[in-house]
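Have a look at the structure below, then the notes.
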Amino acid sequence: MSAGLIGKKVGMTQIFNEDGVSIPVTVIEAGPCFIIQKKSTEKDGYCAVQVGFEQKSKNVRKPEAGHFKSAGKGIFRRLKEFRVNEKDLQGLNLGDELKADLFKVGEKVKVTGFTKGRGFTGVVKRWNFSGGSDAHGSKFHRKGGAVGQNVHPGKIWKGKRMAGRLGNEQVTIKNLEVVKIYPEKNLLLLKGAIPGATGGVVYIKKSK
Amino acid sequence: MVSPIIRDIEKRQMRVDHYFIKPGDKVSVHTRIIEGDKQRIQVFTGDVIAINNGRANSRTTITVRKSSSGFGVERIFPLHSPLIEKIELINRGIVRRAKLYYQRNRSGNAAKIKVKTDWR
């Protein structure tokens, strides 16, 4: 297991490959990320690196500044821990820069992000209920319909699909192919879509 | 609004040799077709009836329409695709709109686009 990257979704476009086939790609600005903290088995019970992304200078509290001190790369807005195995951990030092060239073209990665929040949505959008007819005198349009039975069971079952908040949940998309990398700009081009809005923060790891 | 990063990536993909195409033009599109390890060029000649997806990006496509033995045939070509060998401009037409979809309801002589004489 090697470390991952924190990135920002830039948006989608398409590029042509050598065969002239156009591939839909998501552009991610992945890095520069820095290693802020190392976690080892002796001290923490597991091996991991904490990675920082997006430098900030405003609103820094003293304990926060202390946490970033030993890495010596400034204060970062986003932090994320990535599990690594013991052997890889030894090769990584505090303050090391992780760039988009952590991945190779053709490699499969997984991307974790938060989907767009849709707010309070009805059952048609949230659970793909079919709803009723819009015409022919129908008075049943986008409702959920009956939610249960009568005296027995005398309650609504837990987990019954109803209207409510949709989106803004963590989603991981696996096995996205790395189509192209611009290491000098820290850009990763992945085939296909990833969760979240443009500008959203995503975590990129190697697929197993 | 398109991010400047995306615009930059698209710019790298863009070809500079097809800027001249306009709706109403009669063009020959030479497409490279790869069959196994063999390559050949296919030519499609017709009128450009639409330019889609905007011009300032690498996703631009053109819709070319021709009449083939009485049947209207339309093909959509990605303008910046490396598979397009070249696009030849045969003549320019006099048209008043950007999308010439009315051509689909016309046939025979009515489907002819008036040729601009002073386009060169």
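The values are calculated or read from the model by the stated rules, or taken from the named source; none is laboratory data. This is a predicted model, so every value here is computed, not measured. Cβ sites come from the backbone with ideal geometry, for glycine too, and all protein chains shown count toward neighbours.
Filtered by the rule that a residue be more than 9 Å from chain B (Cβ to nearest Cβ), surrounded by 14 or more Cβ atoms within 10 Å (Cβ to Cβ) and not in a strand (DSSP E or B), region A:1-47 gives A:1, A:2, A:3, A:4, A:31, A:32, A:47. State whether the residues of region B:9-25 include one that is at pLDDT 90 or above, over 15 Å from residue A:16 (Cβ atoms) and not in a loop (DSSP other than H, G, I, E, B). Scanning region B:9-25 turns up no residue that is at pLDDT 90 or above, over 15 Å from residue A:16 (Cβ atoms) and not in a loop (DSSP other than H, G, I, E, B). The set of residues from region A:48-69 being crowded, with 20+ Cβ neighbours inside 10 Å and in a loop (DSSP other than H, G, I, E, B) is empty. Please determine, by comparing only the residues of region A:90-113 that are among the aliphatic types (A, V, I, L, M) and under 23 Å from the mean Cα position of the chain (by Cα), which one is surrounded by the fewest Cβ atoms within 10 Å (Cβ to Cβ). It comes out as A:105. Just so you know, in region B:57-96 the residues that are more than 14 Å from chain A (Cβ to nearest Cβ) and not in a strand (DSSP E or B) include one that is surrounded by the fewest Cβ atoms within 10 Å (Cβ to Cβ), and it is B:69. Residue pairs whose Cβ atoms lie under 6 Å apart, separated by 6 or more positions or on different chains, with the first residue in region A:154-179 and in contact (Cβ under 8 Å) with a residue 40 or more places away in the chain and on the phi < 0 side of the Ramachandran plot and the second aliphatic (A, V, I, L, M) and part of a loop (DSSP other than H, G, I, E, B), are A:173/A:194; A:178/A:105. At least 2 residues being within 30 Å of residue A:208 (Cα to Cα) and in contact with a Phe, Trp or Tyr (Cβ under 7 Å, 6 or more places away or on another chain) is the threshold, and among the strands (runs of 3 or more DSSP E) wholly inside region A:82-183 those reaching it are A:108-114, A:170-182.
Filtering region B:30-56 to residues that are over 25 Å from residue B:91 (Cβ atoms) and more than 13 Å from chain A (Cβ to nearest Cβ) leaves B:38, B:40.
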